[in-house]
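The structure under discussion appears below in the form of structure tokens.
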Amino acid sequence: MAVTLQDITIAYGRQPAVHHVSGQFATGSLTAVVGPNGAGKSTLIKAIAGLLPVESGQILLDGLGQRDIAYLPQQAEIDRSFPISVQEMVMMGLWRTRGSFLSWRPSDRQAAQQAMAAVGIDHHANAPISNLSVGQFQRALFARLLLQQANLILLDEPFNALDSNTTIDLLRLIREWHDEQRTVICVLHDLNLASEHFPETLVLGREAIAWGNTAQSLSQDTMTAARNKIAAGY
Amino acid sequence: MTLYDFLIAPFADYAFMRRALVACLALGLSCGAFGTFLLLRRMSLMGDALSHAILPGAAIGFLLAGLSLWAMSLGGLVAGILVAMAAGLISRRTEQREDASLASLYLISLAAGVVLISLKGSALDLMHLLFGNVLAVDDHALLLVAGVSSLSLIILAVIYRPLVAECLDPTFLRALGVAGGLYHLAFLLLIVLNLVAGFQALGTLMAVGLLILPASAAAFWSQRLAARLAISALLAGLASVIGLMGSYHGDWPSGPAVILTAGGLYLLSMTFGRCGSLRARYFPPRHLHHD
């Protein structure tokens, strides 16, 4: 599923956070979105997720609906003391097929088990989410993403504050999504991760500074250009 | 006084006590469950505001039709919905934080209610509306309570999954394009209904107690939502039985008696509960247990 941005501008109040960005995330592409603080990275993927209105321009989603999109926000606003088990939270990922009201089938529980096994937290399935460490919790959220079977996956700094083992495991999942021809867009602040694991990179500085093959678009020069754009203000 | 006289006789001898008991038990079932969600959404203050909001509405019903169950309930329902809407409007359209606007709203409601009742009623009428009167629970009131409790539990069962998801991770639902706000609205409406049903027996000041206290006590016993809903309903039922007996023997107003008992159960749970209680903190179990 391709995502096409046609000259989009997104503003908070009167301040544009993303300014006249055009381009395309091709079907099955795996793109890192990088840039300095205030570059509009989170804003951009929130808008693609349909959570923020665009001021002008258009985001075209190939005619696919909102339920084909999976979005993992930067700090999921999840109340970690909420009395719910890991498995119950993971099974929210089945919303697209089971919706608000349909009951769980045995195959649904099986799918949840598999997803939890894939991220290595199946032995915590029945534990309350408050028992999980930061890394385990992020793994659980990735299990939920797995169940969503979305064609477009939007991740906002998913490796923040994670240990390297967890990061490596979760990167492997992202790689698998890429192999399955899903479109993945991932906001990152760690440029090394971007250059090692992401074939495409969008360098954002309110405007699109560079976009394309990571080797070409991600460089000292483009990052400096992005920083200067932000510093110059509007 | 034999044990029979103490425990059974009040209910065996007097129909109004039986009705009050059944009403409180039915109310406890739904209030226990809804209170748990109210706390999970950190909305206990909203519960306060809504329960006080019922008073001026019930008072207007009282002015127009005397101590009529239906007039007072309808008035209370309308006033409760109005205040819920006003609270939402104030928090969206002004920069004031919700706790301040809720506190303001419930003070206004309480004062308006007391003034309205004193226009026509006696101090006794005021006591009954504020603190409940078991004698007011006639067959119609019982039907109202049982109906509200059954209906709200059925609706809760239907909207359980989206309501839980909306509490836990509202962004997730928004990204799926599910109208989480709709479930929130249904939830608020059911809270108001439960408060309206509760005020005959418990009074407008006390009805919210059956929502908050058993639910916060239950939080000390389990980290599972389903268990919490059950424990909280159980504690609400227990508080009702003990409180009504106290009300009978001690001639206390029924609302405060039930709520005081619920408060006692809360203090016990806070001290001895399994999760996050004083005991769990200062005398932790020897083994780390996984569940």
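Can you pull out every residue in the range A:1-47 that is β-branched (V, I, T), in contact (Cβ under 8 Å) with a residue 60 or more places away in the chain and open to solvent by 10 Å² or more (accessible area, probe 1.4 Å)? Listed by number, the list holds a single entry, A:T27. Restricting attention to the range B:101-137, the residues that are surrounded by 15 or more Cβ atoms within 10 Å (Cβ to Cβ) and not in a helix (DSSP H, G or I) total 4.
Regarding the range A:28-35, can at least one residue be identified that is out of contact with any Gly (no Cβ under 7 Å at 6 or more places or on another chain), at pLDDT below 90 and more than 13 Å from chain B (Cβ to nearest Cβ)? No, because not a single residue in the range A:28-35 is out of contact with any Gly (no Cβ under 7 Å at 6 or more places or on another chain), at pLDDT below 90 and more than 13 Å from chain B (Cβ to nearest Cβ).
Within the range A:51-73, being modelled with pLDDT of 90 or more and on the phi > 0 side of the Ramachandran plot holds for one residue alone: A:G57. Checked against (1) surrounded by fewer than 20 Cβ atoms within 10 Å (Cβ to Cβ); (2) within 14 Å of chain A (Cβ to nearest Cβ), B:L151 meets all criteria but (2). Each residue in the range B:12-45 was checked for being in contact (Cβ under 8 Å) with a residue 40 or more places away in the chain, part of a helix (DSSP H, G or I) and open to solvent by 10 Å² or more (accessible area, probe 1.4 Å), and 11 pass.
Checked against the criterion of being open to solvent by less than 30 Å² (accessible area, probe 1.4 Å), under 30 Å from A:A111 (Cβ atoms) and in a strand (DSSP E or B), the range A:168-178 has no qualifying residue.
Evaluate the following for B:L67: is it at negative phi, in contact (Cβ under 8 Å) with a residue 12 or more places away in the chain, assigned to a loop (DSSP other than H, G, I, E, B) and open to solvent by 50 Å² or more (accessible area, probe 1.4 Å)? Before the answer, list the steps.
Numbers: at negative phi: yes; in contact (Cβ under 8 Å) with a residue 12 or more places away in the chain: yes; assigned to a loop (DSSP other than H, G, I, E, B): yes; open to solvent by 50 Å² or more (accessible area, probe 1.4 Å): yes.
Here the answer is yes, as B:L67 does meet what is asked.
Count of the range B:32-60 residues, restricted to those that are within 11 Å of the chain's Cα centre (by Cα) and farther than 20 Å from B:G181 by Cβ, is 7. Looking across the range B:73-100 at every residue that is in contact with a Gly (Cβ under 6 Å, 6 or more places away or on another chain) and touching a residue at least 24 places away in the same chain (Cβ under 8 Å), the one that is least open to solvent (accessible area, probe 1.4 Å) is identified as B:G76. From A:N165, A:N192, A:N126, A:N131, which residue is open to solvent by 10 Å² or more (accessible area, probe 1.4 Å), touching an Asp or Glu at 6+ places or on another chain (Cβ under 8 Å) and more than 24 Å from B:A175 (Cα to Cα)? Checking each option against the conditions leaves just A:N126.
Within the range A:100-136, the set of residues being assigned to a helix (DSSP H, G or I) and within 12 Å of another protein chain (Cβ to nearest Cβ) comprises A:H123, A:H124, A:I129, A:S130, A:N131. Here's a check for you: in the range A:57-82, which residue that is assigned to a loop (DSSP other than H, G, I, E, B) and at the interface with another protein chain (Cβ under 9 Å from one of its Cβ atoms) is surrounded by the most Cβ atoms within 10 Å (Cβ to Cβ)? Of everything passing the filter in the range A:57-82, A:P73 is surrounded by the most Cβ atoms within 10 Å (Cβ to Cβ).
So for the range B:167-175 (the condition being touching a residue at least 60 places away in the same chain (Cβ under 8 Å) and part of a helix (DSSP H, G or I)), does at least one residue qualify? Yes, the range B:167-175 contains at least one residue that is touching a residue at least 60 places away in the same chain (Cβ under 8 Å) and part of a helix (DSSP H, G or I). Going residue by residue through the range A:195-217, is there one that turns out to be surrounded by 15 or more Cβ atoms within 10 Å (Cβ to Cβ), aliphatic (A, V, I, L, M) and part of a helix (DSSP H, G or I)? Within the range A:195-217, not a single residue is surrounded by 15 or more Cβ atoms within 10 Å (Cβ to Cβ), aliphatic (A, V, I, L, M) and part of a helix (DSSP H, G or I).
Residues in the range A:83-99 that are assigned to a helix (DSSP H, G or I), facing chain B (nearest Cβ under 8 Å) and open to solvent by less than 10 Å² (accessible area, probe 1.4 Å): A:M89, A:W95.
The values are calculated or read from the model by the stated rules, or taken from the named source; none is laboratory data. Computed from a predicted model, the values in this text were never measured in an experiment. We place every Cβ from the backbone using ideal geometry, glycine too, and count neighbours over all the protein chains shown. Areas reflect the complete protein model, heavy atoms only, side chains present, ligands, DNA and RNA absent. Shrake-Rupley method; radii C 1.70, N 1.55, O 1.52, S 1.80 Å.
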